[in-house]
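The values are calculated or read from the model by the stated rules, or taken from the named source; none is laboratory data. The shown structure was predicted, so the numbers you read here are calculated from the model rather than taken from an experiment. Cβ coordinates were reconstructed from backbone atoms using ideal geometry, including for glycine residues, and neighbour counts include every protein chain displayed. When the accessible area is computed, the model is the full protein with side chains, heavy atoms only, and any ligands, DNA or RNA have been set aside. Shrake-Rupley method; radii C 1.70, N 1.55, O 1.52, S 1.80 Å.
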Amino acid sequence: ITGGASGIGLAAATRFAAMGLKVCIADLGDDRVAQAVAAAAAAAPGGAADIFGLVIDVSKIEDVQRLEAQVRGRFGGTDILINNAGIQPGSSMFGPAENWSRVLGVNLWGVIHGVQAFVPGMIARGRPGLVINTGSKQGITTPPGDPAYNVSKAGVKVLTEALEHELRNT
């Protein structure tokens, strides 16, 4: 679960752990990841043996590839991938390019990286699996304001629809 140290990601991690699933929590910040791992491990019937965390930046493909390799090494592969990492620092059409780059890097490229790093191995395993890409109503309704976030989440919607089509035909 990327973005697993807080919010929706942490709720999913804790719930999956309580259900007996093995969980990897990926996010930024050593302390945040450690606290999330402790919370999920406390809910897991198998305890800490079934939960681990990794500090990564999803905007960097090499970080996401490292995440996939560690999950595969520890748990044998992935059955459920949740591309949940996201940021919303605010943006404007003519604001700093760095804001746009960071939002698109995390919110859109992070999902692309997750899909490209994990899904081929999920298919190769030949087991039922699930990919959950966290979107936003702002990617559908695209209200005025915060255009970088809207563009990123609209991209996640389109990417997810394309992935659905590709997987249905695989």
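A few points about this structure:
- Sequence-distant residues sharing a close amide H with residue 51 (under 5 Å, placed H): 23
- Eligible lysines near residue 157 by straight Cα distance, threshold 25 Å, same-chain separation 8 or greater: 60, 137
- The order of the peptides 135-144, 100-109, 60-69 by mean Cβ neighbours within 10 Å, most packed first, is 100-109, 60-69, 135-144.
- Part-to-part distance (alpha-carbon centres) for the stretch 115-170 and the stretch 63-92, which is given in Å: 13
- Built amide H within the under 5 Å cut-off of residue 80, gap 5+: 130
- The tail of the calculated P(r) for the stretch 26-107, taken as Cα-Cα distances beyond 21 Å, holds 39 percent of the pairs.
- Comparing 26, 48, 107 along the charge dipole axis of the stretch 1-113, the residue lying farthest to the positive side is 48, per the Cβ-charge model.
- Residue 98-residue 140 FRET efficiency (beta carbon distance; Förster radius 41 Å; 0.05 resolution): 0.95
- Environment charge at residue 39 (Cβ cut-off 12 Å; Lys +1, Arg +1, Asp -1, Glu -1): +2
- Whichever aspartates and glutamates have a C-alpha closer than 13 Å to that of residue 22, once near sequence neighbours (fewer than 8 apart) are set aside: 50, 79
- Taking 17, 34, 26 in turn, the Gaussian network model of the chain (Cα-Cα springs below 10 Å) assigns the largest fluctuation to 34.
- Heavy-atom accessible surface of the stretch 1-144: percent carbon and sulfur, 1.4 Å: 59
- When the helices of the chain are scored as -39500 (n - 2.57) per DSSP H run of n ≥ 4 and the total is divided over every residue, the value at 222 nm lands at -17000 deg cm²/dmol.
- Backbone HN-Hα couplings from phi across the stretch 14-29 [Karplus 6.51/-1.76/1.60, Hz, Gly and Pro as x]: 5, 5, 4, 4, 5, 7, x, 7, 7, 10, 10, 9, 10, 6, 8, x
- Solvent-accessible area per residue in the chain equals 51 Å², computed with a 1.4 angstrom probe and all protein chains kept.
- When peptides 112-118, 157-163 are sorted by average Cβ neighbour count within 10 Å, with the highest value leading, the order is 112-118, 157-163.
- Placed amide H near residue 58: partners under 5 Å, 5+ positions off or other chain: none
- Mean sequence separation of contacting Cα pairs (under 8 Å, at least six apart), scaled by the length of the chain, corresponds to a relative contact order of 19 percent.
- Placing +1 on each Lys and Arg Cβ and -1 on each Asp and Glu Cβ, with no other charges, gives the chain a dipole about its Cα centre of roughly 360 debye.
- From phi via Karplus (6.51, -1.76, 1.60), per-residue ³J(HN,Hα) for the stretch 108-122 in Hz, x at Gly/Pro: 9, 5, x, 5, 4, 4, x, 4, 5, 7, 9, 5, x, x, 5
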